[in-house]
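Below are the structure tokens for one structure; questions will follow.
The values are calculated or read from the model by the stated rules, or taken from the named source; none is laboratory data. Remember, predicted model here, so these are calculated numbers, not experimental data. For neighbour counting, all protein chains shown are included, and Cβ atoms are generated from backbone atoms with ideal geometry for every residue, glycine included.
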């Protein structure tokens with residue numbers, strides 16, 4: 001039997017015992033929030049508990065058959081041993097998958113921040129197309145979108161934009177979009193037909209409630225000013241735009257799309273909470289693993305998670321080596337195949353880490 005699987009089954013049985021004992025504690029029953037949390041953990045563990053019981057039973061039958069075979073090499077006993085061993089082999093992957101810890105943010109709403117990076121006007125146009133792509137994909141999946149902020153650029157592009165996507169599993173669908181996206185195409189203004197390369201960066205943040213992130217109002221510097229459009233011209237006669245600086249971290253969020261200062265402040269606080277939560281999560285990840293997760297990179301052309309090649313009508317995700325037709329998939333918001341492949345790769349990596357003994 002696999003020693004790693006034995007350890008995994010031991011872990012499941014230990015957790016089951018601890019949770020069962022906790023659920024029977026009268027003091028826990030008086031704390032509704034803690035009782036609900038333990039109940040959820042036990043419910044999530046139940047499939048693994050059933051698989052662990054089957055594993056123990058099959059392992060016992062293998063051991064019993066092996067002992068009998070040392071006394072007499074009986075064909076029927078050998079067949080029973082082989083059948084039990086096959087059951088063990090089949091249970092292994094199921095046990096590993098059942099014990100994968102779900103990302104606690106997967107069911108949250110999500111904020112997507114898109115910024116034009118290298119490439120000037122072309123980068124801004126590409127950022128606009130990414131914004132449209134994500135909005136279409138969200139709509140195709142029945143999710144609601146809310147435009148939080150945009151900073152318009154010339155020729156119809158955007159310097160940066162933030163959208164909120166709301167609905168069950170929103171974060172799980174978009175979290176792998178974080179990183180540098182590269183576009184290769186011939187700009188409309190290019191008379192020689194040369195292909196230009198531009199980039200845009202995408203950050204993906206789970207949206208969190210006030211209870212998830214406590215913000216001391218004394219740590220905030222809040223400035224108000226008149227909103228402006230492309231080229232810096234004023235588009236409002238009142239000080240409705242809001243800039244919030246979280247002084248301990250230096251994080252700055254500015255909002256100006258709403259006509260009301262109160263609405264802009266509310267949106268800015270939503271984004272600030274998400275960024276502070278992401279910062280705390282990243283610091284926790286850094287403590288637990290040397291491979292700290294980074295979303296944006298520098299935006300340099302050489303960095304990329306995905307390339308959108310217009311002349312060849314090809315989209316390539318460099319993390320998983322997946323290539324698909326650009327116009328028929330990404331540009332029309334048909335990202336399902338790509339998202340499913342990225343989710344499968346995430347599970348594969350988690351299972352690989354678990355197999356190497358990092359499942360605790």
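Just to verify a result, which residue in segment 196-219, among those that are in contact with a strand residue (DSSP E or B) (Cβ under 8 Å, 6 or more places away or on another chain) and assigned to a loop (DSSP other than H, G, I, E, B), is surrounded by the most Cβ atoms within 10 Å (Cβ to Cβ)?
Step by step, filter segment 196-219, then rank; the result is 207.
Out of 165, 158, report the one residue that is more than 22 Å from the chain's Cα centre (by Cα) and within 20 Å of residue 330 (Cα to Cα).
The match here is 158.
Now for a different question. Sort through 193, 139 and tell me the only one that's loosely packed, with under 13 Cβ neighbours inside 10 Å and within 24 Å of residue 315 (Cβ to Cβ).
Among 193, 139, only 193 is loosely packed, with under 13 Cβ neighbours inside 10 Å and within 24 Å of residue 315 (Cβ to Cβ).
Pick from segment 96-128 the residues that are crowded, with 20+ Cβ neighbours inside 10 Å and assigned to a helix (DSSP H, G or I): which of them is modelled with the lowest pLDDT?
Once the filter is applied, the top-ranked residue is 96.
Please specify each residue of segment 310-360 satisfying the condition of being in a helix (DSSP H, G or I), modelled with pLDDT of 85 or more, surrounded by 15 or more Cβ atoms within 10 Å (Cβ to Cβ) and out of contact with any helix residue (DSSP H, G or I) (no Cβ under 8 Å at 6 or more places or on another chain).
341, 345
Can you tell me which residue within segment 8-44, out of those that are under 30 Å from residue 64 (Cα atoms) and in contact (Cβ under 8 Å) with a residue 24 or more places away in the chain, is surrounded by the most Cβ atoms within 10 Å (Cβ to Cβ)?
8
Hey, could you check segment 129-146 for residues that are part of a loop (DSSP other than H, G, I, E, B) and within 17 Å of the chain's Cα centre (by Cα) and say which is farthest from residue 110 (Cα to Cα)?
Checked segment 129-146; the qualifying residue farthest from residue 110 (Cα to Cα) is 141.
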